[in-house]
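We did not get these values from a lab; they are worked out from the coordinates using the rules stated. Quantities reported herein were computed from a predicted structural model and do not represent experimental measurements. Here the Cβ is made from the backbone with ideal geometry for all residues, glycine too, and neighbour counts use every protein chain on show.
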Amino acid sequence: MKLGVLVKEGPYMHQAIDTAYNFIVAAMESGHEITGIFFYNDGVYNRCSTLEPPRDERNITKLLSELELKGVRLIVCVAAGKRRGVVNQTVCKVEEISGLGQLLELCITSDRMVTF
Amino acid sequence: MLHIIKKSPYESSAFNDAVNYIGQNDDVVLLAEDGVYAAKKGGKFEELLRNLTKKNSVYCLMADIKARGIQENEIVENIKVIDYKGFVEKVVEHNPMTWS
Amino acid sequence: MSEQEKTKVMFVCRTAPYGTIFEQEAIEAMIMFGAYEQDISVSFVGDGVFSLKKGQDTALLGKKNFSMTYPILIDDFEISHIYVEKESLEERGLSGDDLMTEVEIVDRNSLKQKMNEMKALLPF
């Protein structure tokens, strides 16, 4: 099945991205396709390139980049990102920044849309 | 529908709002993150959940109860504990709505 | 595009305005989604109903008054329906007369039925 993911909360403060990550890993192991993760609201902070947690702590940037290496599309909302300073210079990958139309696209192309 | 409840019922209206939308038919409930506190036996929401499990399947996420020191025998009977793969299965079976 | 081919998406707005950014960014998404000729509806449940209260004046707050957008969502931005849940209104001492625009006041059961018809539910 095609599963789309919307992340609305920022990293570390909330558990949302951790639950989303574990969900996505389990979904891929079960043979499902992740159509993309759209980061909206404070969720855009999850792709801020300057996050630097202590070394013995989970590294959300790294976990998400690993998903990207496995082919998962990561999309940071340009409007929500700009508002919060997550822009070309501060996002993990410039290509990830895109518009809200991509969120609707995920709704259209995914069998299910899950919000975290 | 799959109702995913992510906030503690003691803290947020998410649980209450979700319960209002849990229908009679094939609606199922997943308690995740702080939402799992609703499942604790002896808590304020025990009876409500007991009644809910009579008509709907209710699940809670294993990782979240374990992290919070809640043992399986401390949660309301008939609530099933599932892992992330079980969570994925529920999403495949039902259209999800997240209450947070 | 025929009605059958359109994707049905519903925004489920559960947060009151101004205290958080959820209402504002939900509106930004509604406006954007409206441009894509899909079947987009908006529902207000719980504290979300406060977003529709008429008489909002944000001058002292120094924020935009986002409630001004609701009356034009359907005509200018192609949103199919705006629903507000009757029970949530009543619990909060509000009725249709308190709302700033014509919306469809529906009871929980009817709104629940409409949610069941959606392909995607986006909570805000």
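Before moving on, here are some points about what is shown:
- The loop-placed GluC sites (Glu not before Pro) in the stretch B:6-71, going by DSSP, that have at most 16 neighbouring Cβ atoms within 10 Å of their Cβ come out as B:11.
- About its Cα centre, the stretch A:2-115 has a charge dipole of approximately 280 debye under the convention of +1 per Lys or Arg Cβ and -1 per Asp or Glu Cβ, with nothing else charged.
- With a 10 Å cut-off around each Cβ of A:95-108, the average count of Cβ atoms from other chains is 4.
- Debye equation applied to the C-alpha atoms of the stretch C:1-110, log10 I(q)/I(0) at 0.10, 0.16, 0.19, 0.20 Å⁻¹: -0.28, -0.70, -0.98, -1.07
- For residues of B:79-85, the mean tally of beta carbons on other chains within 10 Å: 3
- Bridge orientation summary for the stretch A:2-115: considering DSSP beta bridges with both residues in this region, about 5 percent are antiparallel.
- The stretch C:30-81-the stretch B:42-67 distance, computed between alpha-carbon centres (Å): 35
- Per residue of chain C, the DSSP helices (runs of n ≥ 4 H) give a summed -39500 (n - 2.57) that works out to -8000 deg cm²/dmol at 222 nm.
- Under 10 Å, Cβ to Cβ, from residue A:111 - net charge with Lys/Arg +1 and Asp/Glu -1: +2
- For the stretch C:1-89: lysine pairs under 25 Å (alpha-carbon distance), excluding those fewer than 8 apart on one chain: 7
- Intensity falloff of the protein assembly as shown expressed as log10 I(q)/I(0), Debye formula with alpha-carbon point scatterers, at q = 0.07, 0.09, 0.10, 0.15 Å⁻¹: -0.28, -0.47, -0.59, -1.37
- Theoretical FRET efficiency, 1/(1+(r/R0)^6), r = Cβ-Cβ of residue A:50 and residue B:68, R0 30 Å, to 0.05: 0.45
- Taking the Kirkwood radius as Rh and the Cα radius of gyration as Rg, chain A has a ratio of Rg/Rh equal to 0.94.
- Each of the trypsin sites (Lys or Arg not before Pro) that DSSP puts in a loop and that has at most 15 other Cβ atoms within 10 Å breaks chain C; the longest unbroken stretch is C:1-53.
- The stretch C:94-124 and the stretch A:11-63: distance between their alpha carbon centers, rounded to Å: 32
- Cleavage-rule hits (GluC sites (Glu not before Pro)) in the stretch A:20-69: DSSP loop, at most 14 neighbouring Cβ within 10 angstrom: A:57
- Between the listed residues B:88, B:70, B:22, the Cα displaced farthest toward the positive end of the dipole of chain B, a dipole computed from Cβ unit charges relative to the Cα centre, is found at B:70.
- Taking a point 7 Å from the Cα of residue C:109 along the Cα-to-Cβ direction, the residues of the stretch C:24-64 with backbone N closer than 20 Å to it are C:44-46.
- Radius of gyration, Dmax [chain B; alpha carbons; angstrom]: 11.9, 33
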